[in-house]
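The values are calculated or read from the model by the stated rules, or taken from the named source; none is laboratory data. Given the structure is predicted, the values throughout are model-derived calculations rather than measurements. For neighbour counting, all protein chains shown are included, and Cβ atoms are generated from backbone atoms with ideal geometry for every residue, glycine included. The accessibility values were calculated without ligands, DNA or RNA, using every heavy atom of the protein model including side chains. Shrake-Rupley method; radii C 1.70, N 1.55, O 1.52, S 1.80 Å.
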Amino acid sequence: MPTSPPDRSAGATASTTATTSTATTTTATSRTDLVADTALALLAERGMRGLTHRAVDEVAGLPQGSTSNLARTRQALLELAVRRLAEREARVLALDEMPDPAAGLASLVDALALATHRALTRNRELTLARYELALEATRRPELRAYFDAAGARFRDQLTGMVTAMGSTDPARHALSLVAWADGLMFSCVAGSFSTQAPSLEDVRAGLRELLDGMLGG
């Protein structure tokens, strides 16, 4: 009796299902990122009042109702934008590339200066969107908690770095660093120095003066 060929249909079906599932997941992720990126762009360009589900659909070139399917309420849309903001700012700040504290103060100054200057020059729109979300968070307690949690990674990492470099008051020093960077970015992106972005060397000099005072460099 001839031997039947092995039945590969189950394997083929499983393989096809897995491929389809991966493609669907990738598509869903891409659409979520597109919606979130468009929301951030609208915040920078039109402000909080210009951010609507319909506006996101129109600007992103998506069928009407697509944004509502991903984020049914305004709160959900804002949370989506905050999450994407945190992801993109982590890349701008290059958090995974921050130097080992053992490399010394000069390396920390260089890394922080480069990250701050990138935010000032090449990522101005992203910074504007962050200010819109930060202000909205003052009026929405549920967004405030979400916004603060999204930014905790950078604050915690900065606190750990100054601790390792011998800070006598890491929490206060981390706050001073964040306040200095935030103040500089606000002044140069939305404030009275918006037409006068400092050079990388100017940012480096300011950070060096600040960190020298904190850490006795």
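Here are some notes:
- Among 127, 67, 29, the largest mean-square fluctuation in a Gaussian network model of the chain (Cα springs under 10 Å) belongs to 29.
- Accessible area of the range 32-168 belonging to carbon and sulfur atoms, whole % at 1.4 Å probe: 51 percent
- Vicinal HN-Hα couplings computed from phi for the range 108-125 (Karplus, 6.51 cos²θ - 1.76 cosθ + 1.60; Hz; Gly/Pro x): 5, 4, 4, 5, 5, 5, 5, 5, 5, 5, 4, 5, 6, 10, 8, 9, 4, 5
- Per residue accessible area in Å² of the chain, where ligands, DNA and RNA are left out and the probe is 1.4 Å: 56 Å²
- Using bins of 10 Å that start at zero, the share of Cα-Cα pairs per bin across the range 51-110 amounts to 20, 31, 20, 13, 14, 1, in whole %.
- 0 to 90° range, to nearest 10: angle between helix 170-189 axis and the chain longest Cα axis: 80 degrees
- Residue-averaged 222 nm ellipticity for the chain, from DSSP H runs of 4+ at -39500 (n - 2.57), nearest 500: -25500 deg cm²/dmol
- Structure-derived percent of Cα pairs over 28 Å apart: which label, when the choices are (i) 35; (ii) 23; (iii) 43: (iii)
- A simple spin-label model places pseudo-atoms 7 Å from Cα toward Cβ; at residue 96 and residue 194 they are separated by 3.5 nm.
- Förster radius 30 Å - calculated FRET efficiency between residue 139 and residue 171, Cβ distance, rounded to 0.05: 0.65
- Along principal axes, Cα extents of the range 39-80, largest first, whole Å: 23, 21, 13
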